[in-house]
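Here's the structure, in structure tokens; my notes come after.
Coordinate-derived values only; no laboratory data. Computed from a predicted model, the values in this text were never measured in an experiment. All Cβ positions, glycine included, derive from the backbone under ideal geometry; neighbour counts span all protein chains shown.
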Amino acid sequence: MTGLYGGAFDPPHVGHVALAAGAKHAFGLPRLVVLVSERPGHKGTHAPPEVRLELARVAFPDDDVRLDPYPRTIDLLRAERFETPLFVVGADEFCHFLSWKEPDAILDLAELGVGTRPGFSRERLDTVLVQLRQPERVHFFEIPPSPASSTAIRGGGPVGELVPPAVAALIRQRGLYTEA
């Protein structure tokens, strides 16, 4: 099984790292392919792809981190071959899965590993599951809660415990995500 974890990682934070670690533990994955979206199809980014790639490499030092040139997950899965792919997402992102480009086609090509936090509404998850053609290809695993969000970090406040220490050092060194 090949774990795939994609995102803008603008910047990567401790919640991202916890999701990756939880997926590796839950599914017995020795490592993940961390895919830094070069041009996310669903949102804009603040830092250029090369900077986000560098930040992700220090956030996920034990994983294969690379740029993802495809703006949509289905495009990646159709263009590249992975051995038994498991695409990892957080519960919040899974709640928007039906708005992704061709969600049922994604499940034809990969399974989903969805990290949930204690207290996350199972009803919200089930609302998505019942609308999928292959809900059995979606697997849930629990991760600890995290106060981190990329949006809050980009607001320019102190990053403190919100990002891994190596990411915080790069943010400070480069003067990234500071208030204008």
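Note on Glu136 and Asp75: their simple-model spin labels are 3.3 nm apart, each label 7 Å out from Cα toward Cβ. Assuming a ≥ b ≥ c are the square roots of the Cα gyration tensor eigenvalues, decide whether segment 1-108 counts as rounded (a/c under 1.5), prolate (otherwise, with a/b larger than b/c) or oblate. Rounded shape, in that the Cα axes give a/c under 1.5. When each of the peptides 92-102, 1-11 is scored by the mean number of other C-beta atoms lying within 10 Å of its residues, the order from highest to lowest reads 1-11, 92-102.
Contact order for the chain, expressed relative to its length and based on alpha carbon pairs under 8 Å spaced 6+ residues apart, stands at 27 percent.
Comparing Arg31, Arg72, Arg133 in a Gaussian network model of the chain where C-alpha atoms under 10 Å apart are linked, the largest mean-square fluctuation is found at Arg133.
Amide hydrogen proximity for Val163: with H placed 1.01 Å from N in the peptide plane, the residues at 5 or more positions away or on another chain lying under 5 Å are Val14. Label sites at Leu98 and Glu161, each approximated as a point 7 angstrom past Cα along Cα to Cβ, lie 3.7 nm apart. Between Leu129 and His42, the FRET efficiency estimated from the beta carbon spacing at R0 = 22 angstrom works out to 0.60.
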